[in-house]
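What follows is a set of notes on a single structure, which appears directly below.
The values are calculated or read from the model by the stated rules, or taken from the named source; none is laboratory data. Everything numeric in this text was worked out from a predicted model, so none of it was measured. Here the Cβ is made from the backbone with ideal geometry for all residues, glycine too, and neighbour counts use every protein chain on show. Only protein heavy atoms, including side chains, enter the accessible area calculation; ligands, DNA and RNA are left aside. Shrake-Rupley method; radii C 1.70, N 1.55, O 1.52, S 1.80 Å.
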Amino acid sequence: MSDIREHLTRQIIEAGRFLYGRGWSPATSSNYSARLAADRALLTVSGKHKGQLGVDDVLATDLAGNSLEPGKKPSAETLLHTQLYAWRAEIGAVLHTHSVNATVLSRLTPGDRLELQDYELQKAFAGVSTHEGRVTVPIFDNDQDIARLASQVQPWLDAHPDCPGYLIRGHGLYTWGPRMDDALRQVEAFEFIFECELKEMSLRGGTR
Ligand SMILES: [Zn+2]
């Protein structure tokens with residue numbers, strides 16, 4: 001195993017332990033990945049428990065989402081990872097989680113986006129230096145046809161190059177960054193803000 005692959009595999013395993021431990025990747029849900037080379041990604045294989053990943057539970061793919069390791073089953077959502085690596089060369093890690101808060105908030109939010117404003121923690125997102133700006137998180141309707149879902153996501157990404165992540169309704173979050181640490185920081189920030197949004201909604205007794 002190459003040093004870089006070993007290093008990235010270790011990061012993916014640690015990310016899984018952390019995200020599972022926080023309750024954001026229950027059971028075999030979620031997928032994590034890292035950029036292995038300019039034209040390759042390393043992703044979690046399908047169906048593994050994310051708190052108990054081992055060194056064999058990752059596989060290399062090209063940026064069209066094709067497995068480069070016959071015999072290992074890529075996740076159904078591989079293309080949603082690789083489209084991000086193909087979109088921007090500086091993206092080095094992508095995390096997809098299935099938290100309760102992301103699931104519930106995306107179901108309760110009408111329309112196709114969540115607008116976040118006045119949260120101090122918005123500064124955890126890449127390129128955001130003040131709480132005063134607005135962070136827009138698009139919400140795409142869930143679709144078991146991943147190629148069709150990816151074709152919904154791509155125009156949004158192209159039109160919003162600073163997008164820090166997106167939600168799939170009733171399903172979960174995608175976020176990314178140059179390194180695994182950046183992507184993990186953004187998952188934590190999103191989860192904090194999602195929980196605040198839901199608490200505010202329940203205290204107000206209404207929807208957003
Ligand atoms: Zn998923």
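In order along the stretch 182-192, phi translates into HN-Hα couplings of 5, 5, 5, 4, 5, 4, 4, 5, 4, 5, 4 Hz, rounded to whole numbers, per the Karplus curve 6.51 cos²θ - 1.76 cosθ + 1.60 with θ = phi - 60° and x for Gly and Pro.
Coupling constants for the stretch 70-80 follow from the phi torsions by the Karplus curve (6.51 cos²θ - 1.76 cosθ + 1.60, θ = phi - 60°), and in residue order they are x, x, 9, 8, x, 4, 4, 9, 3, 4, 5 Hz; glycine and proline get x.
Start at zero, step by 5 Å, and the Cα-Cα distances of the stretch 3-203 spread as 1, 8, 17, 21, 22, 16, 9, 4, 1, 0, 0 percent across the bins. Here's how it looks for Arg113: its modeled amide H is under 5 Å from those of Ile139, which are all 5 or more places away or on a different chain. Using a Gaussian network model of the chain in which every pair of alpha carbons under 10 angstrom is joined by a spring, one finds that among His171, His160, His49 the greatest mean-square fluctuation is at His160. In this structure, the amide hydrogen of Ser99, modeled 1.01 Å from its nitrogen in the peptide plane, lies closer than 5 angstrom to those of Leu173, counting only residues at least 5 positions away or on a different chain. Counted residue by residue at 0.36 nm each, then reduced by the alpha carbon distance between them, the extension gain from Thr136 to Glu200 reaches 21.2 nm. Note that the chain presents 47 Å² accessible area per residue, ligands and nucleic acids not counted, probe 1.4 Å. Spacing of the modelled spin labels on Lys123 and His160, each 7 Å from Cα toward Cβ, amounts to 2.3 nm. Rounded to the nearest Hz, the phi-derived 3J(HN,Hα) couplings of the stretch 29-43 under the Karplus curve 6.51 cos²θ - 1.76 cosθ + 1.60 (θ = phi - 60°) are 6, 6, 8, 10, 8, 9, 7, 8, 7, 3, 10, 9, 10, 10, 10, where x marks glycine and proline.
Here the accessible area is traced with a 1.4 Å probe on the protein chains. For the stretch 3-203, carbon and sulfur cover 51 percent of it.
Once every DSSP H run of n ≥ 4 in the chain is given -39500 (n - 2.57) and the sum is divided by its residues, what mean residue ellipticity at 222 nm do you get, rounded to the nearest 500 deg cm²/dmol?
Details: 5 runs with 77 residues, N = 208.
-12000 deg cm²/dmol, from helical runs alone.
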